[in-house]
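Notes for the one structure printed next.
The values are calculated or read from the model by the stated rules, or taken from the named source; none is laboratory data. Since the structure is predicted, the reported quantities are computational estimates derived from the model, not experimental observations. So basically every Cβ, Gly included, is an ideal-geometry build from the backbone, and we count neighbours across all protein chains shown. Heavy atoms of the whole protein, side chains included, go into the accessibility calculation; ligands, DNA and RNA do not. Shrake-Rupley method; radii C 1.70, N 1.55, O 1.52, S 1.80 Å.
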Amino acid sequence: MLHLNTIEGKLDARGLQIALVASRFNDFIVDKLIGGAVDCLLRHGLNRENLTLVKVPGAFELPLVAKKLALSKKYQGIICLGAIIRGATPHFDYVAAEASKGIALVSLETGIPVGFGVLTTDTLEQAIERAGSKAGNKGVEAALAVLETIRVMEQI
Ligand code: INI
């Protein structure tokens, strides 16, 4: 086994300021993602007073608000949460494309880790599966990814 100089992030939220941005659209699902992310962050040592929740109308609005939060320099990490469910509407493709592209851009342009906790599913049932039932909770996954990335970025 080679001994490499390895940089890894500890899942330690102590001392951080974190913002969650969550869409109201499909709030029945998104509330589960918020609950998962909050529980995960607190269990990893985040102080409740250092966690801010911002609500937006839909996933399309997540990037703009995430960008303003990132530029404020008040938060070391931002977690975007939403649920885009295809159903019968072609609207899905536009909203999903803009949300994913926009969130990635915010992170790249500002240098602040921005988590993509946005479900993109064909059906409501698939969304339920990923919001705290048999396929886990995407809000938890996004929170863990942001924590790890913050700690990796600090070491580079
Ligand atoms: N927003 C969502 O967050 N999820 C969806 O499934 C969705 N669909 O399917 O339409 C959705 N649309 C609203 C969109 O995000 C904007 O809020 C709206 O277009 C106004 O800009």
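Just a few scattered comments:
- Of the criteria (1) modelled with pLDDT of 95 or more; (2) open to solvent by 60 Å² or more (accessible area, probe 1.4 Å), which one ASP93 fails: (1)
- Top-ranked residue of segment 1-17 - restricted to ones that are open to solvent by less than 100 Å² (accessible area, probe 1.4 Å) and among the aliphatic types (A, V, I, L, M), ranked as farthest from the ligand (Cβ to nearest atom): ILE7
- The set of residues from segment 117-156 being farther than 14 Å from CYS80 by Cβ, open to solvent by less than 30 Å² (accessible area, probe 1.4 Å) and β-branched (Val, Ile, Thr) comprises THR121, ILE150.
- Members of segment 18-45 that are under 21 Å from GLU154 (Cβ atoms) and surrounded by 18 or more Cβ atoms within 10 Å (Cβ to Cβ): ILE18, ALA19, LEU20, ALA37, CYS40, LEU41
- Meets criteria (away from the ligand (no atom under 13 Å from the Cβ), under 21 Å from GLN126 (Cα atoms) and either out of contact with any helix residue (DSSP H, G or I) (no Cβ under 9 Å at 6 or more places or on another chain) or open to solvent by 40 Å² or more (accessible area, probe 1.4 Å) (or both)) for LYS68: no
- Matching residues in segment 71-106 - criterion: being of a type outside the set (A, V, I, L, M), near the ligand (Cβ under 8 Å from one of its atoms) and outside any helix (DSSP H, G or I): GLY82, ARG86, GLY87, THR89
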